[in-house]
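Shown next, in structure tokens, is the structure this report addresses.
The values are calculated or read from the model by the stated rules, or taken from the named source; none is laboratory data. Values in this document were obtained by computation on a predicted structure and should not be read as measured data. These area figures cover heavy atoms from the full protein model, side chains too; ligands, DNA and RNA do not enter into them. Shrake-Rupley method; radii C 1.70, N 1.55, O 1.52, S 1.80 Å.
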Amino acid sequence: MDWQTTADAVPARIVSEARAQSLQGRAPATGAWREGDPVGDRRFVSVGDVALESGAVLPHARIAYETWGTLSPARDNAILVLHALTGDSHVVGPAGPAHPSAGWWPGVVGPGLPIDTDRYFVVAPNVIGGCQGSTGPASLAPDGVEWATRFPFLTIRDQVRAQVAFAREIGIERFHAVVGGSMGAMHVLEWAIMAPDAVERIAVLAAPAAATADQVALNSVQIEAIRTDPAFRGGEYYDAPDGEGPTRGLALARRMAMLNYRTAAELNGRFERHWQSDLDPLGGGGRFAVESYLDFHGNKFTRRFDANSYLVLTEAMNSHDIGRGRGGVGAALDAVRATSLVLGIDSDRYFTLDGQVEVARRLRGSVHGSEPVLVHSEYGHDAFLIEHAVVGDALRLLLEA
């Protein structure tokens with residue numbers, strides 16, 4: 001579900017007191033990028049009004065994006081990299097005043113790496129509904145006030161419709177490949193169906209063809225954690241002083257999500273029953289180390305994300321069903337013409353392997369046969385962020401096909 005920051009995606013470890021103290025101080029009401037903030041490596045393009053599946057229209061939409069490499073004279077070497085729920089356009093590069101986190105895929109994208117920026121022109125947009133420069137709930141609506149809960153309901157297809165318009169605006173008619181994991185892979189599948197002439201290859205990493213009831217249920221608990229935070233104020237919190245935004249609810253949602261992204265084996269192996277400090281957690285006022293680990297990452301997350309965006313994007317993930325209105329999932333997959341890669345993770349307890357098996361067995365243009373490329377890992381859903389060697393080898397196979 002989540003392409004996290006590099007620091008979040010590394011194997012779990014004990015949070016030292018020094019690391020915990022690094023988050024002291026009041027968190028802002030929102031971690032969204034706002035007008036007037038440093039731009040950093042972002043670029044911006046207007047995609048105009050976006051017609052939505054609901055019948056509503058998102059007016060004057062803008063997409064923030066970043067690029068690496070050089071577009072060839074024939075414009076045939078572009079690769080679109082699509083992020084997941086809490087990712088953004090900053091795929092590689094350092095953290096700084098403009099980018100709250102370092103790039104989230106540094107072992108895969110870059111010079112000489114599997115997605116080689118000496119060879120390919122890599123484009124990464126921030127999804128609409130997001131909070132790092134593209135139009136989202138924290139953006140100003142036409143009346144000059146933040147959209148907040150007035151922001152329209154989005155589906156995965158709505159987001160892809162905006163991405164297709166974005167590609168047109170930057171002058172790319174056909175991508176050498178469209179690559180994404182988790183929510184980004186949902187977008188990849190829709191690209192292959194909605195814009196088949198614009199896609200030569202697709203990489204579907206750790207995502208199903210449709211969200212299941214179990215996944216929607218897990219998402220619903222996170223949504224409720226945010227909405228029941230008194231500081232959420234019905235979504236109208238953007239004028240709240242530091243420390244008075246819905247950070248408790250957002251941090252709790254993040255803690256819940258991280259338990260879906262990792263595995264029991266990793267958490268038990270890393271933390272066992274260790275204490276965070278000398279204080280006994282059994283009535284002595286102390287805490288278990290694994291509790292501090294979750295708290296640290298939940299609190300860190302509130303400084304780079306927006307609660308309303310989390311709701312909008314999570315509900316968009318719940319909408320995911322490539323078979324809706326197309327005769328079912330099988331019929332939709334049968335229509336895909338692009339050369340494909342499907343990758344699944346044996347320990348993924350969020351987007352379980354059976355979802356990738358279903359996709360791989362129906363796609364006719366696979367570079368690896370009728371079964372998905374299988375990643376054996378203790379890291380669960382996050383493995384496609386961590387297991388660079390096997391993921392990179394699979395991507396190279398696709399890109400050379």
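The amide H of V47, built 1.01 Å from its N in the peptide plane, has A61, R62, I63 as neighbours under 5 Å, considering only residues 5 or more places off or on other chains. Taking a ≥ b ≥ c as the square roots of the eigenvalues of the alpha-carbon gyration tensor, the stretch 78-151 is classed prolate because a/c is 1.5 or more and a/b outweighs b/c. For I345, the amide hydrogen comes within under 5 Å of the amide hydrogens of V375, counting only partners 5 or more places away or on other chains and with H modelled in the peptide plane. If both residues of a DSSP beta bridge must be in the chain, then about 40% of such bridges are antiparallel.
Counting only DSSP H runs of at least 4 residues, each contributing -39500 (n - 2.57), and dividing by the residue count of the chain, the helix-based mean residue ellipticity at 222 nm comes to -9500 deg cm²/dmol. Kirkwood hydrodynamic radius computed over the stretch 259-401 comes to 18.2 Å, based on all pairs of distinct alpha carbons. The residues of the chain present an accessible area of 38 Å² per residue when probed at 1.4 Å with all protein chains retained. The spacing between the stretch 255-300 and the stretch 94-144, judged by their C-alpha centroids, is 30 Å.
Residue by residue, the stretch 347-363 carries 3J(HN,Hα) couplings of 9, 5, 9, 9, 9, 5, 4, 4, x, 6, 4, 4, 5, 4, 6, 9, 7 Hz when phi is fed to the Karplus relation 6.51 cos²θ - 1.76 cosθ + 1.60 (θ = phi - 60°); x denotes Gly or Pro. Prolate is the label for the stretch 226-308, because a/c, from the alpha-carbon gyration tensor with a ≥ b ≥ c as root eigenvalues, is 1.5 or above and a/b exceeds b/c. Heavy-atom surface analysis with a 1.4 Å probe gives the chain a carbon and sulfur content of 52 percent of its accessible area.
Using only alpha carbons, the stretch 163-304 has a radius of gyration to Kirkwood radius ratio (Rg to Rh) of 1.10. The Cα trace of the stretch 19-98 gives Rg and Dmax of 16.9, 52 Å, the first to one decimal, the second as a whole number.
Once you sort the root eigenvalues of the Cα gyration tensor of the stretch 46-185 as a ≥ b ≥ c, which label holds: rounded (a/c under 1.5), prolate (a/b larger than b/c) or oblate (the other case)?
Prolate, since a/c reaches 1.5 and a/b exceeds b/c.
The Rg/Rh ratio for the chain, using Cα coordinates for both the radius of gyration and the Kirkwood hydrodynamic radius, is 0.95.
Between the amide H of S340 and those of I202, G365, S366, V367, distances stay under 5 Å, these residues lying 5 or more places away or on another chain, with hydrogens modeled in the peptide plane.
In order along the stretch 365-374, phi translates into HN-Hα couplings of x, 5, 8, 10, x, 8, 10, x, 5, 9 Hz, rounded to whole numbers, per the Karplus curve 6.51 cos²θ - 1.76 cosθ + 1.60 with θ = phi - 60° and x for Gly and Pro.
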